[in-house]
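K.L.:
Dumping the structure here so I can ask a few things about it.
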Amino acid sequence: MVRRAATGILAVLIALGVVSLGWSETDTALDHPSVAEVLAMAEAGIDDAVILERIARLELPELSGQDLAALKKAGLSDGVLLALVRRGGHAPSSDPAPGPRQTPATAARPEAQAPEPFPEGMGRLVVEFRSPFPVSFLEVVVDGKSVATRGEMLEGASDPGQFLARPARLSIKKGEVIYEELLPAGSHEILAGFAVTSVESNPDDEWSEYSRERYTSRGVRAERRTTPLPAWGANPGATCEIVEGETCRVIVELQRRRSRHRGGGSAYGLKYRLR
């Protein structure tokens with residue numbers, strides 16, 4: 001499986017010109033092998049944090065506004081585009097060679113580096129999920145648009161006498177960032193949703209040799225509601241006031257309350273915290 005994935009990525013790199021194709025000054029910036037390598041990594045679904053680390057070690061050309069527009073249409077995030085702009089025309093960085101070990105008394109104090117500024121009029125939104133129980137699906141909606149999902153929402157029923165595949169579980173007890181992006185300064189609405197999906201027998205014919213199984217999901221939908229749907233909790237949502245040059249962090253804590261009555265189900269909810 002690993003060999004097959006590596007072969008597929010190599011094919012993408014060859015097709016984009018990262019491997020075996022050169023680059024001359026007469027080519028456009030988008031023909032540069034380093035830019036093609038960044039596109040190949042994004043196409044393969046590599047996390048932005050890994051791509052940014054790789055960009056710091058590449059020699060990149062100056063990019064025009066038209067180049068950036070084309071890369072945006074190709075699917076690169078604003079954070080990756082910003083890194084390409086800052087690195088354009090600069091030599092790649094390299095890790096310092098190991099030197100003699102210094103003691104605290106002789107070690108030179110590193111110079112404080114100012115954090116890189118945000119683009120004008122932009123701030124960062126970070127949405128983190130935390131849950132004491134495993135879930136099967138997560139979703140983030142910003143300003144009415146679904147921007148990130150994790151896991152799978154399973155629906156349907158089996159054929160008579162057959163079994164369904166058991167849902168995979170996401171463990172986020174220690175917290176996990178699901179969405180992080182640069183957004184224009186101002187007010188933004190955030191809605192988070194999650195599902196806990198299980199497999200149940202159809203109660204209408206569970207004693208029959210032709211019984212069916214079905215997926216049943218409970219949780220909170222990523223849509224604003226004042227009253228919950230059956231098996232789904234209401235969603236209050238949260239509003240994040242993004243300030244230029246600053247980060248708004250939204251922590252979504254998933255909650256489950258079991259019924260005290262024997263045979264009762266679970267009620268699900270969530271709580272937003274801004275930080």
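The values are calculated or read from the model by the stated rules, or taken from the named source; none is laboratory data. Small disclaimer: the values here were computed from a predicted structure and weren't measured. Cβ sites come from the backbone with ideal geometry, for glycine too, and all protein chains shown count toward neighbours. Note: areas computed on protein heavy atoms with side chains; ligands, DNA, RNA excluded. Shrake-Rupley method; radii C 1.70, N 1.55, O 1.52, S 1.80 Å.
K.L.:
Using per-residue counts of other Cβ atoms within 10 Å, averaged over each peptide, order 249-258, 211-220 from highest down.
P.N.:
Answer by packing, highest mean first, reads 211-220, 249-258.
K.L.:
Quick one: accessible surface of Val147, probe radius 1.4 Å, all protein chains present, in square angstrom to the nearest 10.
P.N.:
Here the residue's solvent-accessible area equals roughly 50 Å².
K.L.:
How far apart, in nm, are the 7 Å Cα→Cβ label points at Glu155 and Glu62?
P.N.:
Taking the two extended label points, one gets 5.2 nm.
K.L.:
Quick one: of the DSSP bridges fully inside the range 156-237, what percent are antiparallel, nearest 5?
P.N.:
80
K.L.:
Let me ask you something else. How do 32-41, 157-166 rank on mean C-beta neighbours within 10 Å, highest first?
P.N.:
By packing density, highest mean first, the sequence is 32-41, 157-166.
K.L.:
Would you mind checking Lys73/Lys173; Lys145/Lys173; Lys72/Lys145; Lys72/Lys173 for any pair whose Cα atoms are more than 28 angstrom apart?
P.N.:
Flagged as over cut-off: Lys73/Lys173; Lys72/Lys173.
K.L.:
With every protein chain left in place and a probe of 1.4 Å, what is the accessible surface of Glu244, to the nearest 10 Å²?
P.N.:
100
K.L.:
In what order, largest first, do Leu60, Leu68 sit by accessible area if the probe radius is 1.4 Å?
P.N.:
From most accessible down to least: Leu68, Leu60.
K.L.:
At 1.4 Å probe size, with no ligands or nucleic acids counted, give the accessible surface of Lys145 in Å², nearest ten.
P.N.:
140
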